[in-house]
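Pasting a structure below so you can have a look.
The values are calculated or read from the model by the stated rules, or taken from the named source; none is laboratory data. Here the structure is a predicted model, which is why all the values come from computation and not from measurement. With ideal geometry, Cβ positions are generated from the backbone for all residues, glycine too; neighbour counts draw on all protein chains shown.
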Amino acid sequence: MSQDDQAKGTVKGAELVSGLGAIILGAGLALVLPEWLRSYATSLLVGGLVVHALGMTLKYRLEFRRGPPLWWERALFWLCWACLLGLGIWIAAAALFDASVRALHAPLTFPRWQG
């Protein structure tokens, strides 16, 4: 097997990882909707975001070895990163909002005097 074939195989592996991350990310987005599966949504979203980002970055770096990317490849790469950043901010904001709403609706409890 030549080095070029090995490089192509490695790029295909990176594409697979990126695609798998996108699938997991999509599944996480789908889980945001049904209330009874919502507890798994954040984990799937974060996991998909991380796996997709790693695969996308690995593929970009491996392809860069064969030559500089075209302008639209670079633009799509950074657009995808911008979307992933926006999604990460959305997940964090939703988690903080959910925690603050739970804190507001928690019953007040006072410690008992042990004396």
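Table: residues versus (1) acidic (Asp, Glu); (2) outside any helix (DSSP H, G or I); (3) at pLDDT below 85; (4) under 30 Å from SER18 (Cβ atoms).
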site	(1), (2), (3), (4)
GLU63	yes, no, yes, yes
PRO69	no, yes, yes, yes
ALA82	no, no, no, yes
ALA93	no, no, no, yes
LEU96	no, no, yes, yes
SER100	no, no, yes, no
GLY115	no, yes, yes, no
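Is it the case that TRP78 is assigned to a helix (DSSP H, G or I), over 25 Å from GLN6 (Cβ atoms) and modelled with pLDDT of 80 or more?
Against the criterion (assigned to a helix (DSSP H, G or I), over 25 Å from GLN6 (Cβ atoms) and modelled with pLDDT of 80 or more), TRP78 qualifies.
Go through (1) surrounded by 14 or more Cβ atoms within 10 Å (Cβ to Cβ); (2) touching a residue at least 24 places away in the same chain (Cβ under 8 Å) for THR57 and report which single condition fails.
Against the list (1) surrounded by 14 or more Cβ atoms within 10 Å (Cβ to Cβ); (2) touching a residue at least 24 places away in the same chain (Cβ under 8 Å), THR57 comes up short only on (2).
Looking only at the stretch 33-48, which residues are among the aliphatic types (A, V, I, L, M) and under 14 Å from the mean Cα position of the chain (by Cα)? Walk me through it before giving the result.
Within the stretch 33-48, the subset among the aliphatic types (A, V, I, L, M) is 33, 37, 41, 44-46.
Correct list: ALA41, LEU44, LEU45, VAL46.
Can you pull out the residues in the stretch 9-28 that are exposed (fewer than 14 other Cβ atoms within 10 Å of the Cβ) and without any contact (Cβ under 8 Å) to a residue 24 or more places away in the chain?
GLY9, LYS12
Only residues that are surrounded by 11 or more Cβ atoms within 10 Å (Cβ to Cβ) and more than 17 Å from GLY21 (Cα to Cα): list them for the stretch 33-54, please. Show your work before the answer.
First, pick out the residues of the stretch 33-54 that are surrounded by 11 or more Cβ atoms within 10 Å (Cβ to Cβ): 37-38, 40-54.
Those that are surrounded by 11 or more Cβ atoms within 10 Å (Cβ to Cβ) and more than 17 Å from GLY21 (Cα to Cα): LEU37, ARG38.
Within the set of pairs 6 or more residues apart or between chains, which connect a residue that is under 16 Å from LEU49 (Cα atoms) inside the stretch 70-87 to a residue that is among the polar types (S, T, N, Q) with Cβ atoms less than 9 Å apart?
So the pair list comes out as PHE77/THR57; TRP81/THR57.
Which condition number does VAL51 fail, the rest of (1) at pLDDT 75 or above; (2) more than 19 Å from the chain's Cα centre (by Cα); (3) aliphatic (A, V, I, L, M) being met?
(2)
Also: Against the condition outside any helix (DSSP H, G or I) and modelled with pLDDT of 85 or more, how does PRO111 come out, does it pass?
No: the conditions fail for PRO111.
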